[in-house]
Structure formats: C-alpha cells, structure tokens
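J.: Structure below; questions to follow.
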Amino acid sequence: MAVPNNQSLSAEHRRHDRLLVARFAVGDASGAQEHEARDLVRRCSECAALAADITAISTSVAQLPAAPRSRDFRFTSDQAARMRGSRFDRWLRTISGSGWATVRPVAAVALSVGLVMSVVGFLPILGAASTAPADTLFTTNAPIAVAGQPSPEQASDTRTGPGAAPSPAQGGIEPPLGVAESTAGGQLDNAYLQPPTSAPEQQQPVAQQTQPTSGKAGTGNDLGRQLPGSSNGLRDLILFVGILVTLFALFVLALLYAARRRYYDPLLR
Amino acid sequence: MREMVDVTPSDSLSGVDPATGAADAAPTRVLKPNDVLQHARDKALVERAVGGDLEAFNEIVLLYQDYLFALVVRVVRDRDSAADAVQEALFSCYRNLDRFRGDSFRSWLTRIALNAATDVLRYRKRRPADPYPEWEDDAWQPPAGEEASPERSAMKRHTQRVLSEALAEITSDQRKAIVMYDVEGFDYQEIADITGVSLGTVKSRIHRGRLALRDLLGKNMELLRE
C-alpha cells in the first residue's frame with residue numbers, strides 16, 4: 001500500500017468536513033456524526049490537528065483576561081430621578097413597550113369600523129337630500145310637505161307671494177310628464193309660473209285625477225319616503241358613534257405613535 | 001409578596017472567572033441550585049428597584065458591572081466605547097425595569113448590553129476612525145503573578161494579544177457567540193435567547209468562528225498549543 005505524500009493528504013483533507021471535526025472537538029457531535037468525525041480524526045492527521053487546535057482555541061479564549069472596568073456605573077439619585085422621569089413619562093414609556101403592542105391593531109380596527117359607520121351614517125342623508133327635489137317635482141305627495149321638507153315649488157311660492165300660481169300640491173296643475181321631460185330649465189319654470197287659464201271646476205278633475213295616484217302610491221311611496229325620515233335618528237346615531245369611534249381610535253393611534261417615537265428603547269429590541 | 005434571598009455575590013456572577021465560564025458551558029440548559037438562587041435574588045432586587053429603591057438597583061449594578069464591562073469590551077474592543085455602552089445599557093435597564101419578564105435577569109441585561117455593543121459597532125462601521133485602539137493599550141492586561149517569570153508572562157501576553165487580534169478579525173456575530181459561550185459560560189440555548197437567533201445558528205456561529213480563528217492564527221497556533 002502506497003503511503004500518500006503531504007500534498008495528496010492535503011487534497012484528501014480538503015474533502016473532509018472541517019465543521020464536523022470542529023463540532024466533534026468540543027463534544028457537540030453525536031450519533032452517526034460522532035462516529036464519522038472520530039473516523040476522520042483517526043484516519044487524517046490534519047483532521048486530528050484541527051480537532052486539537054479547536055480545543056486549544058476554546059480553552060485559550062476562555063482564559064483571556066477580563067478588562068477591568070474603567071468607571072463605577074452606579075447611579076446617583078439625580079441620575080435616577082432623571083432616568084425615571086415623571087409619572088406621565090413612565091406611563092408613556094409603558095405604552096410604548098411591547099406589552100401594548102396589541103392595542104395598535106385594535107385601534108386600527110376601531111378606526112376602520114368608525115370610518116365605515118361614519119360613511120354608512122352619512123351617505124343616506126346625502127342621498128335623501130339629492131333625491132328629494134326630483135321627487136317633489138313630479139309627484140304630489142302630501143307626506144313630503146308634512147315631513148317638513150319644503151319643495152322647491154313651495155319655496156318659489158313664498159318668493160312670488162300669494163298671487164303666484166298654486167303649486168301642484170295645493171291643487172294646481174301638474175305639468176304633463178312629456179312636457180317635463182321635453183322642457184328643461186326656464187321652460188319648466190315658465191310652465192309653473194303661468195297663471196291658471198282654466199276654471200276652478202276644470203282644475204278639479206285634474207286634482208281628482210292626481211288624487212287617486214297619490215292615494216294609490218300612498219302605501220308604497222309613503223313607506224319609501226317615510227323610511228329615510230323615520231330612520232334619520234338611527235342614522236344620526238350611527239354617524240355620531242362612527243365619528244366618535246374614529247376620533248377615539250385616531251387619538252389612541254396618535255398617542256401610541258408619539259409614545260413610540262419618543263420613548264421606544266432600541267436597546268430592548 | 002416580596003421574596004428576599006440573601007446570597008453573597010460570587011465571583012462567578014461577574015463572569016470574569018474563566019474557570020467558572022468553562023464549567024458552566026453545557027450544551028443543554030440545566031438550572032443549577034445556584035442559578036435558582038441567583039434568579040430569586042435578582043427578582044427580589046428588581047422588585048425593590050421597580051418600587052423606587054435606588055439602593056436595590058445600585059446593588060444590581062454592583063453585581064453585574066464587571067461582567068457587563070468584560071463582555072462588552074471583548075465585543076467592541078475599545079474600553080471607552082465599552083464603558084459608554086455599559087452605561088447606556090444600565091440606563092435602559094433602569095428605565096425599563098418594569099418590563100422585565102422572565103427568569104434570568106442576567107440574560108435580559110446581557111441582551112441589552114449586547115445591543116448597546118452592536119450599536120457601537122454599527123456606529124464605528126459607519127465612521128471608521130480608529131477601529132481598534134485597544135490593541136495598542138496594554139493597560140488592561142492582568143498583572144503578572146509573582147511566580148511568573150518575565151519571559152513566561154511576556155509570552156503569555158503575546159499569546160493573548162495574538163488571540164485578541166484574531167478575535168477582532170472574525171465577524172461580530174461569531175465573536176459575540178464565542179465570547180458568550182467560552183468566556184461568559186452561557187449555554188447554547190441562552191445565547192440563542194439573548195441574541196434572538198436559532199439554536200443551530202448559535203452553534204454554527206461558534207464552530208465556524210473557531211475555524212476562522214484557527215485560519216487567522218495560522219502559525220501562531222503554536223503559541224496556543226503550549
């Protein structure tokens with residue numbers, strides 16, 4: 001059997017697992033790895049030297065002298081008072097810690113819920129306000145007047161005075177739908193402002209004609225109209241609570257952010 | 001209820017006794033009776049300090065300042081920076097004493113001090129002016145014993161210097177792990193908890209660090225073999 005020279009030994013050693021030998025040297029290899037490492041150390045002289053060196057390094061590092069401290073680190077009472085801060089400082093420091101980490105997502109969820117509530121409470125009011133004039137233009141419904149929402153016609157009536165043309169709600173002539181659709185802007189206004197040319201008895205049938213329609217629609221239409229009106233209180237409540245929750249969540253988030261910015265201690269990472 | 005345990009601070013607490021450090025270096029964590037007493041004592045002191053007792057906190061400082069300084073100076077390789085880092089760590093510890101949760105106050109404090117040391121290293125990396133001034137400072141070498149011959153003590157100093165220089169060359173993560181394991185006597189799991197990495201990463205850092213030390217020492221390995 002040929003004895004390998006140093007060069008071939010090194011080449012062979014390069015294929016050996018040095019980390020395994022290093023672990024074996026300090027007793028960190030176990031089971032099959034320990035057997036493998038023991039075999040390597042027995043067969044390869046460089047692995048054996050490596051194991052001995054690792055042990056020597058570990059021992060030597062442990063024996064390195066400790067540097068004596070250069071100062072006394074005890075606190076004076078002034079330093080301690082400065083470090084502790086006021087009660088408010090301590091509270092802010094507490095909430096900036098990891099123990100309050102769950103508050104942040106909860107506040108974020110509350111903010112989302114508050115925003116959704118605000119939007120839900122706010123949107124129908126906008127919708128009612130925008131649809132109300134259009135409805136009152138083309139229908140003659142008493143509940144609208146009763147509900148205390150003056151129609152544009154009523155508003156123009158007050159402007160034009162008692163001699164002005166009666167609004168459809170007051171028994172006036174309702175412009176035909178076709179006219180309302182074909183005319184726009186001033187034409188429509190002109191139609192309303194025209195004095196009644198027909199006799200009152202001629203107006204009566206028209207009023208009678210309109211009466212059943214309003215009566216008929218009373219069940220469905222009134223319900224549809226009263227729903228926004230009757231739920232206004234609920235919507236206001238939702239809007240109020242939503243805004244309240246949003247503001248509170250924003251306050252909590254801002255407080256946490258400010259506390260974290262000022263009192264977060266990076267050494268506690 | 002406040003638990004008071006009267007335990008005289010032992011030298012092993014300072015962590016500067018290499019023999020103790022080596023003896024504590026076990027692969028698995030086993031709480032020894034001394035550890036239990038130490039934890040109980042620390043908790044009692046912390047409770048008093050949280051209640052505003054400055055003397056109790058200064059007692060903690062007395063117990064750990066040597067250990068902390070010895071640990072940090074090995075990591076940052078500069079006594080002034082190490083002193084500043086330890087001071088910062090103790091300030092932080094005092095401010096956040098009420099946040100201490102867990103069994104080992106020593107581990108918690110070590111973590112804070114190592115974070116402070118890491119910050120020093122980061123700062124130095126950004127502004128490298130005088131990377132390792134400690135190399136030229138022999139003042140922190142221990143005084144030689146009367147029985148030691150001048151040649152022997154000179155050789156020992158040279159060996160320690162060579163090893164310190166090699167330690168300064170490996171990565172800071174490897175250096176921290178090796179110092180905590182070989183010098184301060186933490187076990188793998190404690191180092192993993194303190195540094196916030198996995199157990200395997202700690203072992204890998206230590207073993208790879210030792211291999212790197214061996215490569216760096218080269219011919220100077222002869223000094224260590226003696």
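J.: Which residues, counting only those in region B:160-186, are modelled with pLDDT of 90 or more and closer than 12 Å to B:Ser107 by Cα?
T.: Within region B:160-186, just B:Met180 meets the criteria.
J.: Looking at A:Thr102 and the list (1) facing chain B (nearest Cβ under 7 Å); (2) under 21 Å from A:Arg262 (Cβ atoms); (3) β-branched (Val, Ile, Thr), which single condition is not satisfied?
T.: Every listed condition holds for A:Thr102 apart from (1).
J.: Continuing with the same structure: Please identify the pairs in which a residue from region B:65-88 that is within 18 Å of A:Val61 (Cβ to Cβ) and at the interface with another protein chain (Cβ under 7 Å from one of its Cβ atoms) has its Cβ atom under 8 Å from the Cβ atom of a residue that is outside any helix (DSSP H, G or I) and of a type in the set (Val, Ile, Thr), counting only partners at least 6 apart or on another chain.
T.: B:Ala70/B:Val16
J.: Then there is this: Please count how many residues of region A:79-96 are in contact (Cβ under 8 Å) with a residue 60 or more places away in the chain and within 9 Å of another protein chain (Cβ to nearest Cβ).
T.: Residues in region A:79-96 being in contact (Cβ under 8 Å) with a residue 60 or more places away in the chain and within 9 Å of another protein chain (Cβ to nearest Cβ): 1 in total.
J.: Search region B:111-132 for residues being touching a helix residue (DSSP H, G or I) at 6+ places or on another chain (Cβ under 8 Å) and modelled with pLDDT under 85, and hand back the single one that is nearest to the other protein chains (Cβ to nearest Cβ). Steps first, answer last, please.
T.: Of the residues in region B:111-132, the ones touching a helix residue (DSSP H, G or I) at 6+ places or on another chain (Cβ under 8 Å) are B:111-121, B:124, B:131-132.
Filter once more, keeping what is modelled with pLDDT under 85: B:124, B:131-132.
Details: B:Arg124: 17, B:Pro131: 17, B:Tyr132: 13 Å.
The selected residue is B:Tyr132.
J.: Follow-up question, since we're still on this one. Do you know which of the residues in region B:89-110 that are surrounded by fewer than 19 Cβ atoms within 10 Å (Cβ to Cβ) and among the charged types (D, E, K, R) is nearest to the other protein chains (Cβ to nearest Cβ)?
T.: Once the filter is applied, the top-ranked residue is B:Arg99.
J.: Can you pull out the residues in region B:166-193 that are within 10 Å of chain A (Cβ to nearest Cβ) and of a type in the set (Asp, Glu)?
T.: Across region B:166-193, the qualifying residues are B:Asp182, B:Glu184.
J.: Enumerate the helices (runs of 4 or more DSSP H) found wholly within region A:1-78, keeping only those where 2 or more residues are over 54 Å from the mean Cα position of the chain (by Cα) and either facing another protein chain (nearest Cβ under 7 Å) or modelled with pLDDT under 85 (or both). Full working, then the answer.
T.: Working: elements: A:6-14, A:18-25, A:32-43, A:45-62.
Hits in region A:1-78: A:6-14, A:45-62.
The values are calculated or read from the model by the stated rules, or taken from the named source; none is laboratory data. Since this is a predicted model, take the numbers as computed values, not measurements. Quick reminder, even Gly has a Cβ in these numbers, built from the backbone with ideal geometry, and neighbours come from all protein chains shown.
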